[in-house]
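Presented below is the structure to which this report refers.
The values are calculated or read from the model by the stated rules, or taken from the named source; none is laboratory data. Bear in mind the structure is a predicted one, so any value in this text is a computation, not a measurement. When we count neighbours, we look across all protein chains shown, and the Cβ atoms used for this are built from the backbone with ideal geometry, even at glycine. With ligands, DNA and RNA removed, areas are computed over all heavy atoms of the protein, side chains included. Shrake-Rupley method; radii C 1.70, N 1.55, O 1.52, S 1.80 Å.
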Amino acid sequence: MHNFEYASPKTLDQAVALLGGNWGETEVLAGGTDLLSLMKDFIVTPKRMVNIKDIPDLKGIRMVRDGSARIGALATIEQLIDAFSKSIPAIAQAASGITSPQIRNMGTVGGDLCQRPRCWYYRAGYGLLARDENGQSLVPNGDNRYHAILGNNGPAYFVNPSSLAPALIALKAKISIHGPNGKRDVDAEKFFVTPTSDSAREYDLKPNEIVVGVSIPSTLGVRSATYEVRQKEALDWPLASASVAIKMDRAKKVTAAGIGLGHVAPVPWNASQAAAFLVGKTIDEDVAAEAGKIALADARALSRNAYKIQLARVAVKRAILQATM
Amino acid sequence: MSSSDERHDNPQDLHENGSQSGVSRRNFLKGSGVALTIPLVAGGEKIVKAAGADVPVLGPGKVNITLNINGASRTTSVEPRITLLDALRNDLDITGAKRVCDRATCGACTVVMDGNVVYACSVLAIEAQGKKIQTVEGLEQNGRLHPVQQAFVDNDAQQCGFCTPGFVMACKNMLDKHPAPTHEQIEMGLGGNLCRCGTYHGIKAAVAQAARQSRRGGRRNG
């Protein structure tokens, strides 16, 4: 790891002032479980690390009586499981998918959202967009078994690694950001962007902005679930995941729905057409399976990842059934 | 550190590679352990004005740090990039936690920090200050193994033994939180540790034995 200078500011404004104006100069240190590994491999080489763990404003989880919730960026993955296993299962189940207690204890909500892609080309030093010397991506004809099946028209083919983002999209949450000009809120879906250069990031943050928390709107009467299709139960990222949030009336007809997909695209994917299809329906296995088909209608396999399309369909179906049965 | 050797991921690696001198790094450190506990450098700190406040910015040179390890206060001097794991092993000669993947994956470096298991390879030593750190060295008391350690011995829960200190810490922490663990709690509690020899069967038997003992109140020295 390259050497760096280190600061532990006590307030958000101090932290923002200590961050550089260009990506690569400085990094925000929270749990460190991803960042330090990237730095050991010289993928990320900041000159300064700004530890935000001493900033009290970023801590804590607050549930309000109307079923809404406010989660600080420093809330750990483990705290999410404790806080939401009854009230918002989609979040607790997504957090439980991170199967290492060490990661759950150290890893934070902000870190999960800002985690860099797990693409092995990126991690091996080929750059975020994994391009060869002619500027062509190595992914479409390379080993792309874990790469994108949606939103994969280039230039990025990696999948967003966030465990929580699909649930936040399904729940229509907002992400709060603090920067030199104060605070701003972004829809969870819009927070994530597909980068077009190696030096860009996969999220809507400026280099001197910090994710400060997540707000989840009222979840009263909302049934939610996350289903991950995994290669193994032990520590690994899912092959495909789906989070759903569904509201039903007394007659068990769906009145509102949200569906987020994980590990299928360079951004966490909002399956809005599949969610719209559910409205007015009574959930059964056929309806859930049809929603899965609609969610993946635009999917396009690369040379080695066609299997992921079916896995993602099944994830949608099972998440819907898990939430509503 | 000069830019010419910056591709080495930490300065201790250089010593390790250059061990033809006949002096192993660990023996060298053991011999000079007394000297290392004396603060070396007080520098490496500047004050930066940030949002109207004076914020200390440390490094990139060595800075003095104090760690609370197994109940004892230990002072050393490290660059900000040095992980808790490397500070324990290379600067403080506390070598129970092992460096294997060094990428927050395998669990061999597992220590307990403020009551929770963490990967010591992915915590900076400088940010571990003020936390209560417990390593496998802190479990044995008055020459008696901790019941979790004894259970690992009794159930042959290791082959090469390299993952064992991390597994013992993960097991102990899991049992502290769930004295009568369910199958799911065992899976969730030990899911962050790998054993390449595949002694999971023995480890599960050790967990069962240690859990029986903790339910009988036999575990009192953790």
In the list A:Ile175, A:Ile169, which residue meets the criterion of being closer than 20 Å to A:Val28 by Cα, at pLDDT 95 or above and within 14 Å of the chain's Cα centre (by Cα)?
A:Ile175
For the stretch A:221-235, enumerate the residues that are of a type in the set (Asp, Glu) and open to solvent by less than 50 Å² (accessible area, probe 1.4 Å).
A:Glu228
Checking B:Ala211 against (1) of a type in the set (Gly, Ala, Ser); (2) open to solvent by 60 Å² or more (accessible area, probe 1.4 Å); (3) more than 11 Å from every other protein chain (Cβ to nearest Cβ), which single condition isn't satisfied?
(2)
In the stretch A:96-110, residue farthest from the chain's Cα centre (by Cα) [restricted to those that are within 11 Å of another protein chain (Cβ to nearest Cβ) and within 17 Å of A:Gly262 (Cα to Cα)]
A:Thr99
Among the helices (runs of 4 or more DSSP H) confined wholly to the stretch A:271-325, which include 2 or more residues that are more than 12 Å from A:Ala257 (Cα to Cα)?
A:285-295, A:307-324
Residue match in the stretch A:62-81 (condition: within 13 Å of another protein chain (Cβ to nearest Cβ) and either without any contact (Cβ under 8 Å) to a residue 24 or more places away in the chain or over 19 Å from the mean Cα position of the chain (by Cα) (or both)):
yes
Filtered residues of the stretch B:68-126 (kept if in contact with a Gly (Cβ under 7 Å, 6 or more places away or on another chain), acidic (Asp, Glu) and within 11 Å of chain A (Cβ to nearest Cβ)):
B:Glu79
Among A:Gln310, A:Gln322, which is the only one that is among the polar types (S, T, N, Q), under 30 Å from A:Arg250 (Cβ atoms) and open to solvent by 70 Å² or more (accessible area, probe 1.4 Å)?
A:Gln322
Restricting the search to the stretch B:130-149, which residues are open to solvent by less than 70 Å² (accessible area, probe 1.4 Å) and in contact (Cβ under 8 Å) with a residue 24 or more places away in the chain?
B:Lys131, B:Ile133, B:Gln134, B:Thr135, B:Val136, B:Gly138, B:Leu139, B:His146, B:Pro147, B:Val148
Within the stretch A:1-19, can you find the residues that are open to solvent by less than 10 Å² (accessible area, probe 1.4 Å) and of a type in the set (Gly, Ala, Ser)?
A:Ala7, A:Ala15
